[in-house]
Amino acid sequence: MEEHKVGRWKELFESFEKAFSLLTSEVEKETMSISDAATLVHFHEMCLEHARKTLYGYLDAKGISVKTPRQAVKESAKLGVIGNEKSWNRAFNRRNLGYFLFTPKVEREIVKDIKEDYCSMYTDFQQRIREEMK
């Protein structure tokens, strides 16, 4: 691996960790107002974007070129950097849902997905990347 490329994906991972820290502080709230839900969704979007950039950088450092999140998920799963491909693909497929269809029903569904699926997905990703960095 080229050293500057390794350094780059590690920097991107640090940004992911900052966003994930913000997300976890919001997830722990018991009740949510509309602004709390919007904040949670925003932090999830930040995590997903930083995770995507980290994956792209990691794969690039390994000499693997990808052009779409689906390709990045597939290749990252092969390398063991991510676990649940289905969750990652769902997160990427639905990432703009809140922009176009932020109804109360969609809001509840997105919040539920974040709390029940995406947070554990990010935790797993964080642990796997930290192992990779050792």
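Expected output is a single nm value to one decimal: the length gained when fully extending between GLN127 and THR31, i.e. 0.36 nm times separation in residues minus the C-alpha distance. What is it?
31.7 nm
By how many degrees, 0 to 90 and rounded to 10, does the Cα axis of helix 104-113 deviate from the longest principal axis of the chain?
In the chain, helix 104-113 runs at an angle near 40 degrees to the longest axis.
How high is the relative contact order of the chain, given as a whole-number percent (alpha carbon pairs under 8 Å, six or more residues apart)?
Answer for the chain is 28 percent.
Kindly provide the helix-only [θ] at 222 nm of the chain, computed as the sum of -39,500 (n - 2.57) over DSSP H runs of four or more divided by all residues, to the nearest 500 deg cm²/dmol?
Dividing the helical sum by the residues of the chain leaves -24500 deg cm²/dmol.
Cα extents of segment 3-133 along the three principal axes, largest first, in whole Å?
Here the Cα extents, ordered largest to smallest, are 45, 24, 20 Å.
Take LYS10 and LEU97, extend 7 Å from each Cα along the Cα→Cβ direction, and tell me the distance between the two endpoints in nm.
For LYS10 paired with LEU97, the spin-label model returns 3.7 nm.
Roughly how big is the chain's charge dipole about its Cα centre, with Cβ charges of +1 (Lys, Arg) and -1 (Asp, Glu), in debye to the nearest 20?
The dipole magnitude comes to about 500 debye.
Values in this text are rule-based calculations from the coordinates and carry no lab data. If you're wondering where the values come from, they're calculated on a predicted model, not measured in any experiment. Backbone-built Cβ (ideal geometry, glycine too); neighbour counts: all protein chains shown.
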